[in-house]
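Readers should treat all values here as calculations from the given coordinates under stated rules, not as data from a laboratory. Model, not experiment: these values are computed from the prediction. Cβ placement follows ideal geometry from the backbone for every residue including glycine, while neighbour counts extend to all protein chains displayed.
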């Protein structure tokens, strides 16, 4: 056995298990930037906006002001559908601070139209999916066509949360 | 054909690490010192012999100290020496060895000490919450994600596309925790069964508690020297013959998650340099990054050691067992040894070094080994680092 000159907790320390409730105090005022500002305003209008690279045709959702492949400005705003295909979905039983949740939160990624199943990169969003835990567990939600369920117009604030979730059409 | 001829040859001559534990009562600097001293002892060097120091450490937020490179410098032997810190998320550990390699390969330094340290335990209420700041602040963070979500999404996509069962994935956890029993540094070695994994707490379906590596504190260090002088210190230098690393974009929701193309690119870069044309035939032992059990399968495919979707079948057949064709994670990996992020990646590199040198003790694989590969991975499904070593 190695001679331990570093010091792990003792067994009895591991049994004493105080719960500390705290939230990190770091606060930031982030900049949405050129592309995402327009995107967020679009969400307020109930539209999902993307940028298209006119050189290679790639559509960026969420939008980018430049094409990462061609390294030129994306020069066109396009509206993509608020409909797409569920690529993956999971059911979370823990919160972001790792507290136990009674009801699982279901999230996943959605490949928005226009795009095809053969694309490696595509306009895509990460969001909540309104479906049951069973649908996730037996994978029936995969490949389903889903549509955004928007908040009522007056409640929209220009945030990704203006979409309540994506639900099966 | 080897393409590494224009670089100076680089050899590993010593390595050391601390045990990995849930919480250490030592500071990050003390951990770094412990690992560095052990590496120098194995190499037969003193600190005055070292020309340059490379430090690897993942987000500062874990240890809770900013400028972690500078903070760790004196524990890592970096005072009054050229020091650099590298950071590519979870891929940092192997990147530390790669960076040390190019310090020597370029001719800039003759003897380099590479040190990786991570103390995950200080974060409150749970280190998990520190990951909040890796997400896009505008489009992702408002959904209150936690880190396991993204892995669960990738795992479920991998399972769906390749028709992989939870049972097959659990076999990785069983194998790695079994291998870790032989590793004196490990945190979670033991005999578990597939059933134990499937009955453990569901965190984010399909990820369960025993699918995940633990929170750990620990450090690891390695000494790399120029090939011209390696034999002054040892009769059995281990040669770094290929390195590769690539990054993908942060737009993981707009990308196919079932296959890691960035890893394939990194692997091809490293294999080309080392002259490896048929990876499955030429590689004898591998340490793929396994913070989650499915990740080992995912990475074995990205490393071209299994065809897409075939890694689970090979795993089931024992191809990657410690006495199999290509032993995978003979150290016990992150699932068994622990996951102090940067130190875990360097631990994987050190495991391959010890295997090739024949000094892995209880972990030593049955077959004779000549070529070994270590790999790490990190960020938002983005970064991969690969290193090929030979004896």
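In percent, what relative contact order does the range B:288-391 have, based on Cα pairs under 8 Å that are 6 or more apart in sequence? Each step should come with its number before you reach the end.
Values: 128 pairs, mean separation 24.6, N = 104.
Once divided by the residue count of the range B:288-391, the mean separation gives 24 percent.
With r defined as the distance between the Cβ atoms of residue B:143 and residue B:163 and R0 fixed at 30 Å, what FRET efficiency is calculated, to the nearest 0.05? Present the calculation step by step, with values, prior to reporting the outcome.
Numbers: r = 29 Å, r/R0 = 0.97.
Given R0 = 30 Å and the Cβ-Cβ separation, E is 0.55.
Can you give the Rg to Rh ratio of the range B:248-391, both from alpha-carbon atoms, with Rh computed by the Kirkwood formula? Can you show the working numbers first?
On the way: Rg = 14.1 Å, Rh = 15.0 Å.
Taking Rh as the inverse mean 1/r over Cα pairs, Rg/Rh reads 0.94.
Report the dimensions of the range A:100-139 along its three principal axes from the alpha-carbon atoms, largest first, rounded to Å.
Cα extents, longest axis first: 36, 18, 14 Å.
Determine the shielding of peptide A:156-168 by partner chains: average, over its residues, the number of Cβ atoms on other chains within 10 angstrom of each Cβ. Kindly include the intermediate steps, with their values, before the conclusion.
Details: counts 0, 0, 0, 3, 7, 3, 0, 0, 0, 0, 0, 0, 0.
So the per-residue partner count for this stretch is 1.
Find the relative contact order for the range A:31-168 and round it to a whole percent, using C-alpha pairs within less than 8 Å whose residues are 6+ positions apart.
On the way: 280 pairs, mean separation 32.3, N = 138.
Relative contact order for the range A:31-168 comes out at 23 percent.
Please compute the contact order of chain B in relative form: average sequence separation of alpha-carbon pairs under 8 Å and at least six residues apart, divided by the residue count, as a percent. Walk me through the intermediate numbers first.
Values: 980 pairs, mean separation 102.8, N = 391.
Computed over chain B, the figure is 26 percent.
List the extent of the Cα atoms of the range B:170-260 along each of their three principal axes, largest first, rounded to whole Å.
The Cα atoms of the range B:170-260 stretch 54, 39, 23 Å along the principal axes, largest first.
Please give the peptides B:36-46, B:257-267, B:54-64 ranked by average Cβ packing (other Cβ atoms within 10 Å per residue), highest first, as a rough proxy for protection. Write down the numbers at each step before the final one.
On the way: B:36-46: 19.2, B:257-267: 21.6, B:54-64: 24.3.
The peptides rank, most packed first, as B:54-64, B:257-267, B:36-46.
Need one number for the range B:96-246: average projected area of the convex hull over its C-alpha atoms, nm².
Working: hull surface 52.7 nm².
For the Cα atoms of the range B:96-246, the hull's average projected area reads 13.2 nm².
Only Cα pairs within less than 10 Å get springs; with that Gaussian network setup on chain A, which residue of A:90, A:121, A:107 has the largest fluctuation?
Residue with maximal mean-square fluctuation among A:90, A:121, A:107: A:121.
Let me have the 222 nm mean residue ellipticity of chain B computed from DSSP H runs of 4+ only, each contributing -39500 (n - 2.57), with the sum over all residues rounded to the nearest 500. Mind dumping the intermediate values first?
Numbers: 14 runs with 139 residues, N = 391.
Calculated mean residue ellipticity at 222 nm is -10500 deg cm²/dmol.
Under the 0.36 nm per residue contour assumption, what length would be gained going from the current alpha-carbon distance of residue A:76 and residue A:13 to full extension? Intermediate values should be presented prior to the final figure.
On the way: separation 63, 0.36 × 63 = 22.68 nm, distance 6.01 nm.
16.7 nm is the gain from fully extending residue A:76 to residue A:13.
Taking neighbour Cβ counts within 10 Å as the exposure measure, how do A:93, B:20 sort from fewest upward?
Details: A:93 20, B:20 33.
With the sparsest Cβ surroundings first, the list reads A:93, B:20.
With a 10 Å Cβ neighbour count serving as the proxy for reagent exposure, in which order, fewest first, do A:16, B:255 appear? The partial results should precede the final answer.
Values: A:16 7, B:255 22.
Exposure proxy ranking, most exposed first: A:16, B:255.
Expressed as an acute angle from 0 to 90° and rounded to the nearest 10, what is the orientation of the C-alpha long axis of helix A:33-44 relative to the principal long axis of chain A?
Computed tilt is about 80 degrees.
For chain B, what percent of Cα pairs sit more than 40 Å apart? Walk me through the numbers on the way to the answer.
Numbers: 5893 of 76245 pairs.
So the pairs more than 40 Å apart make up 8 percent of the total in chain B.
Can you tell me the convex hull volume per residue for chain A, based on C-alpha atoms, in Å³ to the nearest whole number?
Numbers: hull volume 42.2 nm³, N = 169.
Each residue corresponds to 250 Å³ of Cα convex hull volume.
If I take the Cα coordinates of the protein assembly as shown and project them onto the principal axes, what are the three extents in Å, biggest first?
74, 57, 49
Let's test the formula: R0 of 22 Å, r as the Cβ-Cβ distance of residue B:199 and residue B:313. What FRET efficiency results, to the nearest 0.05?
Working: r = 24 Å, r/R0 = 1.10.
The formula returns an efficiency of 0.35 here.
Can you give me the Kirkwood hydrodynamic radius for the range B:1-134, using every pair of distinct Cα atoms, in Å to one decimal? Each step should come with its number before you reach the end.
On the way: mean 1/r = 0.0643 Å⁻¹.
Computed over Cα pairs of the range B:1-134, the Kirkwood hydrodynamic radius comes out at 15.6 Å.
As a footprinting exposure proxy, order B:298, B:66 by other Cβ within 10 Å, with the fewest listed first. Mind dumping the intermediate values first?
Values: B:298 28, B:66 9.
So the ranking, lowest neighbour count to highest, is B:66, B:298.
At what distance in nm do the modelled label points of residue B:3 and residue B:278 sit from each other, each positioned 7 Å from its Cα along Cα→Cβ?
2.2 nm
Taking each residue of B:150-161 in turn, how many C-beta atoms of other protein chains fall within 10 Å of its C-beta, and what is the average? Walk me through the numbers before you get to the answer.
Values: counts 4, 1, 8, 8, 3, 2, 11, 7, 1, 3, 8, 3.
Other-chain Cβ atoms within 10 Å of each residue's Cβ, averaged: 5.
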